[in-house]
Amino acid sequence: MLSTFLSQIANGLVLGSLIALIALGYTMVYGIITLINFAHGEIFMVGAYGGLASMTYLLPTVITQRWYFALPIVLVVGALVSILVAVAMERFAYRPLRNAPRLAPLITALGVSVALQEAVRVFYPGATAAIPFPDLFIQGTLIIPIGDGVPIRYTGILLIVLSLVLAFGLERFVERTRMGRAMRATSQDRDVARLMGINPDRVIVLTFAIGGALAGIAGVLYGSYLNNINIDMGFQNGIFAFTAAVLGGIGNIRGAVIGGLVIGLVKALGGQYLPGGTAYDYVWIFVVLIIVLVFRPQGFFGETERVRA
Amino acid sequence: MAFLSVRDLVVAYGAIQAVRGVSFEVERGQIVSLIGSNGAGKTTTLRTVSGLLRPVSGEIVLDGTPIHTLPAHEILSLGVAHSPEGRRLFARMSVEENLRLGAYTRKDEAGVLKDIQRVYDLFPVLGERRMNKAGLFSGGEQQMLAIGRALMSSPKLLMLDEPSMGLSPIMTQKIFDTVKELRDAGTTVLLVEQNALSALALSDHAYVIDLGRTTLSGTGRELLADPRVQEAYLGEAASA
């Protein structure tokens, strides 16, 4: 009993950290340009395919057979592919709509999302079905000796640790550095940020790039943990991540992480213990979202809008 | 040649022309005011000088360089700081962070620290509460911070939009005294004010803007004595 419960906690934390990494991109982009970038899930997806392509077509076996070479390289390739797609998306799809009514970029985001899925399906060899993805970290499972033993794969541990380290690093960057301060300023009042000498275009590109890097890393880790990827992975996990960002308070970094972990745990524990099993885990996620938003519409860490004088 | 020279400026929001022919000059080391009633186009003029808005026609020349086609962040680098109407502080950031943002384009850390200290000397209340969030301050204190933030870029031209708005007469006096001190220390100031009486008393030169056009100009003293100004603006200011 105890070990079942604890293994579901472990599952939830792994999934939650993954969702948190994706949610950071949603929340940062929203924070700067108040756009829900519905194509962000696809940035996560192309990162996984980019990473896999480097494994399959580029790297020699002498590298792919040693995880301590392969893992960092594939993570970097996945991150770079996602950064490239995210920055191009901003430049060509969203920037021309900067001053358009808010519905226009939102619909564009949905269009970009479909376009990216289809592009991968058409151009990536074999992407019409799920493609196997190698485990890039130390193979095997650690049994935590509690009760009958709680199993967690090493890749799962890597996912949790790396996500938390990246999220912590991001928060430090935004809170402590000059560029981070420029991001917060742009988020609070773009015109006044310009009066401080900040170029908002640069801040916005940087925001998309950071969100892209995290999503690309998440994509590679996802493939590595689940051992196969498909073109729908961005849509499914994008919905979870978007929900996590809203739950935590959109625009807030810590909120995205906590929101992601809560959703991971609800999905794992709800699938185990609540009626309907895993078939209903989506339902429990949105039940939690609705309950939280009824009592705290701004999410866990969101700030209520204050009217400026 | 004047330090800042604005000629025949026309600015529109969509189809509505807010400014339809504003011309004025600011000499180095002076306090120059733009006065006029609400909606006359004063704020729009300042926002165009600082690059937040693009003029439909006309010219803005700073120290011989036309700047009306440059983006706002480049105009700041040329030495123009703009403290906007309503103060517009970064309310969720501390006093110190607001000041650091004012110095965003500067690379000389030692000079920035010195200037932060200079702002705290100018407004001791800011130094005492340097870690507090800007949104928690009173209107007067926020105005001090807004001016301090604008000073952090070490501007050659400081533009203040309605610095007396919402302040008590004592606080207004304190802010205007500070503006005078800044001028005496060599900063050129372009001031937009509805409080015409105080602004004119302070100004070396002033322009009246009415319905988007500059209609009168003169030294502060001349305009104070001008019956047209007295009738249109000073009576209103005194009774407000």
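Laboratory data are not the source of any read-out in this text; all were calculated from the coordinates shown. From a predicted model like this one, the values you see are computed outputs, not experimental measurements. Quick reminder, even Gly has a Cβ in these numbers, built from the backbone with ideal geometry, and neighbours come from all protein chains shown.
Here each label is just a point 7 Å from Cα along the line to Cβ, and for residue B:77 and residue A:129 those points are 5.6 nm apart.
Taken residue by residue and averaged, Cβ atoms of other chains lying within 10 Å of the Cβ of A:196-203 number 6.
Where in the stretch B:34-76 does the amide nitrogen come within less than 19 Å of the point 7 Å from the Cα of residue B:23, taken along Cα to Cβ? Residues B:34-35, B:41-42, B:45-46, B:49, B:55-68 fall inside that zone. By the count of other C-beta atoms within 10 Å, a proxy for reagent exposure, A:135, A:148 are ordered fewest to most as A:148, A:135. On full extension, the segment bounded by residue B:69 and residue B:184 gains 38.3 nm, given 0.36 nm per residue less the C-alpha separation. Sites listed here are trypsin sites (Lys or Arg not before Pro) in the stretch B:100-142 whose DSSP assignment is loop and whose Cβ has at most 13 other Cβ atoms within 10 Å: B:107.
Please label the shape of the stretch A:125-216 as rounded, prolate or oblate, based on the square roots a ≥ b ≥ c of the eigenvalues of the alpha-carbon gyration tensor (a/c under 1.5 means rounded; beyond that, a/b larger than b/c means prolate, else oblate).
Numbers: a/c = 4.62, a/b = 1.97, b/c = 2.34.
Judged from the Cα gyration tensor, the stretch A:125-216 comes out oblate (a/c at least 1.5, b/c at or above a/b).
Each label point was placed 7 Å from the Cα along the Cα-to-Cβ direction; for residue B:221 and residue A:102 their separation is 5.5 nm.
Scanning chain A for GluC sites (Glu not before Pro) that sit in a DSSP loop and have at most 14 other Cβ atoms within 10 Å, the longest stretch containing none of them is A:1-302. Expressed to the nearest 5 percent, the antiparallel share of DSSP beta bridges inside the protein assembly as shown is 60 percent.
Tell me the mean residue ellipticity at 222 nm calculated for chain B from its helices only (DSSP H runs of n ≥ 4, each -39500 (n - 2.57), averaged over every residue, nearest 500).
Counting only the DSSP helices, I get -10500 deg cm²/dmol.
Once the C-beta distance of residue A:232 and residue B:131 is scaled by a Förster radius of 45 Å, the resulting FRET efficiency is 0.40 to the nearest 0.05.
Computed from the C-beta positions of residue A:294 and residue A:254, the FRET efficiency with R₀ = 25 Å rounds to 0.70. What you get for the stretch A:2-265, charging only the Cβ of Lys and Arg (+1) and of Asp and Glu (-1), is a dipole of about 720 debye around the Cα centre. Note on B:66-76: average number of Cβ atoms from other chains within 10 Å of each residue's Cβ is 3. For the pair residue A:161 and residue A:202, the difference between a 0.36 nm per residue extended length and the Cα-Cα distance amounts to 11.7 nm. Looking at chain B, the DSSP beta bridges with both ends there are about 55 percent antiparallel.
Restriction of the trypsin sites (Lys or Arg not before Pro) in the stretch A:211-309 to DSSP coil positions whose beta-carbon has at most 10 other beta-carbons within 10 angstrom yields A:306.
Relative to the present Cα-Cα distance, how much length would full extension add between residue B:110 and residue B:177 at 0.36 nm per residue of separation?
Details: separation 67, 0.36 × 67 = 24.12 nm, distance 2.78 nm.
Once the chain is fully extended between residue B:110 and residue B:177, it gains 21.3 nm.
For the stretch A:178-235, the relative contact order comes to 20 percent (Cα pairs under 8 Å, sequence separation of at least 6). In the structure shown, do any of B:42/B:107; B:156/B:180; B:107/B:174; B:107/B:180; B:42/B:114 have a Cα-Cα gap over 24 Å, and if so which? Pairs exceeding the cut-off: B:42/B:107; B:107/B:174; B:107/B:180; B:42/B:114. Legend: ranking of residues B:176, A:242 from fewest to most surrounding C-beta atoms inside 10 Å; resulting order B:176, A:242. Rounded, prolate or oblate: which one fits chain A, using the alpha carbon gyration tensor with axes a ≥ b ≥ c (rounded when a/c is under 1.5, else prolate when a/b beats b/c, else oblate)? Taking the square roots of the gyration eigenvalues as a ≥ b ≥ c, chain A is oblate. Neighbour counting of Cβ atoms within 10 Å sorts the residues A:196, B:144, A:45, A:179, fewest neighbours leading, into A:179, B:144, A:196, A:45.
What does the C-alpha gyration tensor say about the overall shape of the protein assembly as shown? Classify as rounded when a/c is under 1.5, otherwise prolate if a/b is larger than b/c, or oblate. Because a/c hits 1.5 or more and a/b exceeds b/c, the protein assembly as shown counts as prolate. Ordering B:104, B:122, B:151 by the projection of their Cα atoms onto the charge dipole of the stretch B:89-154, which places +1 on the Cβ of Lys and Arg and -1 on the Cβ of Asp and Glu, puts B:104 at the extreme positive end.
In a simple Cβ point-charge model (Lys, Arg +1; Asp, Glu -1; nothing else charged), the stretch B:89-154 has a dipole of about 160 debye relative to its Cα centre.
Annotation for the stretch A:58-161: trypsin sites (Lys or Arg not before Pro) lying in DSSP loop with at most 12 further Cβ atoms inside 10 Å of their Cβ are A:66, A:102.
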